[in-house]
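Written out below as structure tokens is the structure these notes cover.
Every number in this text was worked out from the coordinates using simple rules, so none of it is lab data. Because the structure is a prediction, the values reported are computed rather than measured. Positions of Cβ are backbone-derived with ideal geometry, glycine not excepted, and every protein chain shown enters the neighbour counts.
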Amino acid sequence: MTSLSNDTTDTTDTTDELDNHIHVEQGRLGKLVMARLKPNQDMTESVEALCRQHGMKTAIVRGAIGSLIDAHLQYTTPTGLREMEVNGPGVEILNVFGEIGFSGDASHHHPLQGVVADTDGKIFAGRFVRGANLSFITIEITLQEWIAVEQAEAVPA
């Protein structure tokens, strides 16, 4: 039987709070990598490994299909970050988006985000918790390198 754990964990983290800092970047698209993740591979860690393997400092997720054993998603509430578990096995990935980067600057860390469906067809969305989203059968994922040419900082009006 599939169920959603209603038990949420408060993982308050001030690094994800909105601030008055905007990072603007101009660049161009580079190489395209399409890969298949095998069973029991974590989606985020595998994407990071693919980027390193192909020499990409930053990559954009263009799309992904497949399934997870269970989905562990993080979302923001007025009181901080929370996590939820969507129980499987066989949680279907409906959409994955985001970027992976290795600039070393914590402000540039953007976890992968997405939408999943449990075995009853209920839809859930959030940030994929690194190390906690293992592929069930396979995940096919497409990444595209982002090559920054110019960077600037801006303050909102």
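Diffusion coefficient (Stokes-Einstein, Kirkwood radius over C-alpha pairs, 37 °C, 0.692 mPa s) for region 27-157: 213 µm²/s, rounded to a whole number. Spin-label pair I65-I147: with each label point 7 Å from Cα along the Cα-Cβ axis, the two points sit 3.0 nm from one another. Label sites at H21 and Q41, each approximated as a point 7 angstrom past Cα along Cα to Cβ, lie 3.3 nm apart. Computed from the Cβ-Cβ distance with R0 of 22 Å, the FRET efficiency linking E140 to K31 stands at 0.80.
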